[in-house]
Amino acid sequence: MKMIDAHMHLSHIESFKETAAARSLVDYSVEGLLREYEENGVVLGIGMGVTETDGEGFPDRGAATPMGLDMVESPFPPQIAYCPGVNPHTLDQKALDALERDLRRPEAVGIKIYLGYYPFYAYDDVYQPVYELAKQYKVPVVYHTGDTYSERGLLKYAHPLTIDEVAVAHREVNFMMAHFGDPWVLDGAEVVYKNRNVFADLSGLMVGDAAECARHKDSPVFFAHLRHALTYCDHYDKMLFGTDWPLAPVRPYLQFVQELIPEAYHEDVFYKTALRVFPKITPLVEG
Ligand SMILES: [Zn+2]
């Protein structure tokens, strides 16, 4: 089966490099990722754009919008697309114009907003011009939701319930809740269930190498909340496979999602739903 990884990273972020070296043990490079994709039948990965400057690690108040995949040289390999990232601290007209220029590129398939890493709610006025661009260019907005991979994040901004208001105000835009709002997945499930334009990716739910992933996956309790939420949501067709690579290697993460999702929905979760949410990827994967 062809697969799409709806959430990964290829940016020079210090905490990703440390995690790759000490915890997930992946080769954090373009070649390293493409090798894992090749071995596992992944035909496309969607990178979440993020950058950090020397002054401050991510979340970086000084990073320019759009934040991209600064490990990937243009032209992008055909297996890689991306979502330019937004830094609300620097979102002036010049930044919006630059974001719009990015969205004209075929490989820019969505927009990433980092709730919690940046202290603004999804419905904050600062993001309204971004939603207008999403509408105009027919791309989804991806939100970070749930736990922040930095203790400088502020969790209240990353709660999945805060997406409901935006989803109602912008029915013509699709939204993808990254990480399903974990650990608040039951709230995430309600927002996905109730709003036809809200989807969720299942990336980043565990961090580590194959042994660590197996330990969590096979625990009777570690993912009880997630299984509860997926069952309650009862919309497996609105879930997307994503790895959050380099936080975990592709294969053990893939096995985890395969075991989590009923087989009847594998084609949706691993491939078809990504085409629904990110219409611009269709020519990239289907020629
Ligand atoms: Zn991520």
Quiz item: Which numbered condition trips up residue 71, out of (1) buried (at least 21 other Cβ atoms within 10 Å of the Cβ); (2) touching a Leu at 6+ places or on another chain (Cβ under 6 Å)?
Solution: (1)
Exercise. Give the number of residues within the stretch 37-56 that are surrounded by fewer than 13 Cβ atoms within 10 Å (Cβ to Cβ) and within 16 Å of the chain's Cα centre (by Cα).
Key: 0
Quiz prompt | helices (runs of 4 or more DSSP H) contained in the stretch 153-256 and holding at least 3 residues out of contact with any Gly (no Cβ under 7 Å at 6 or more places or on another chain), on the phi < 0 side of the Ramachandran plot and surrounded by fewer than 16 Cβ atoms within 10 Å (Cβ to Cβ) | solution = 164-169, 210-217, 224-233
Quiz item: Restricting attention to the stretch 35-63, which residues are over 24 Å from residue 143 (Cβ atoms) and touching a strand residue (DSSP E or B) at 6+ places or on another chain (Cβ under 8 Å)?
Solution: 36, 37, 40, 41, 43
Quiz item: If you go through the stretch 138-152 one residue at a time, how many are in contact with a Phe, Trp or Tyr (Cβ under 8 Å, 6 or more places away or on another chain), within 12 Å of the ligand (Cβ to nearest atom) and assigned to a loop (DSSP other than H, G, I, E, B)?
Solution: 4
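Report yes if residue 274 is modelled with pLDDT of 95 or more, under 18 Å from residue 212 (Cα atoms) and within 16 Å of the ligand (Cβ to nearest atom), otherwise no. Before you say what the answer is, go through the steps one by one.
On the way: modelled with pLDDT of 95 or more: yes; under 18 Å from residue 212 (Cα atoms): no; within 16 Å of the ligand (Cβ to nearest atom): yes.
Here the answer is no, as residue 274 does not meet what is asked.
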Exercise. Look through 65, 90 and report the one residue that is farther than 22 Å from residue 159 by Cα, out of contact with any Pro (no Cβ under 8 Å at 6 or more places or on another chain) and among the hydroxyl-bearing types (Ser, Thr, Tyr).
Key: 90
Quiz item: What is the residue count in the stretch 1-36 for residues that are in a helix (DSSP H, G or I), within 16 Å of residue 73 (Cα to Cα) and either open to solvent by less than 10 Å² (accessible area, probe 1.4 Å) or within 16 Å of the ligand (Cβ to nearest atom) (or both)?
Solution: 2
Quiz item: Where residues in the stretch 93-142 are of a type in the set (Lys, Arg) and more than 13 Å from residue 175 (Cα to Cα), which of them is least open to solvent (accessible area, probe 1.4 Å)?
Solution: 105
Quiz item: Out of the stretch 37-66, which residues are in contact (Cβ under 8 Å) with a residue 40 or more places away in the chain, under 17 Å from residue 78 (Cβ atoms), within 16 Å of the ligand (Cβ to nearest atom) and not hydrophobic (A, V, I, L, M, F, W, C)?
Solution: 45
Exercise. Examine the stretch 215-234 for a residue that is within 16 Å of the ligand (Cβ to nearest atom), within 30 Å of residue 168 (Cβ to Cβ) and of a type in the set (D, E, K, R), and state whether such a residue exists.
Key: no
Practice problem: Answer yes if at least one residue in the stretch 260-278 is of a type in the set (D, E, K, R), open to solvent by 60 Å² or more (accessible area, probe 1.4 Å) and closer than 17 Å to residue 24 by Cβ, and no otherwise. | Solution: no
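The values are calculated or read from the model by the stated rules, or taken from the named source; none is laboratory data. The model shown is predicted, which means the values in this text are computed figures rather than measured ones. A quick note on method: Cβ atoms are made from the backbone with ideal geometry, for glycine too, and the neighbour counts reach across all protein chains shown. Accessible surface is based on the protein model in full, side chains and every heavy atom, while ligands, DNA and RNA are left aside. Shrake-Rupley method; radii C 1.70, N 1.55, O 1.52, S 1.80 Å.
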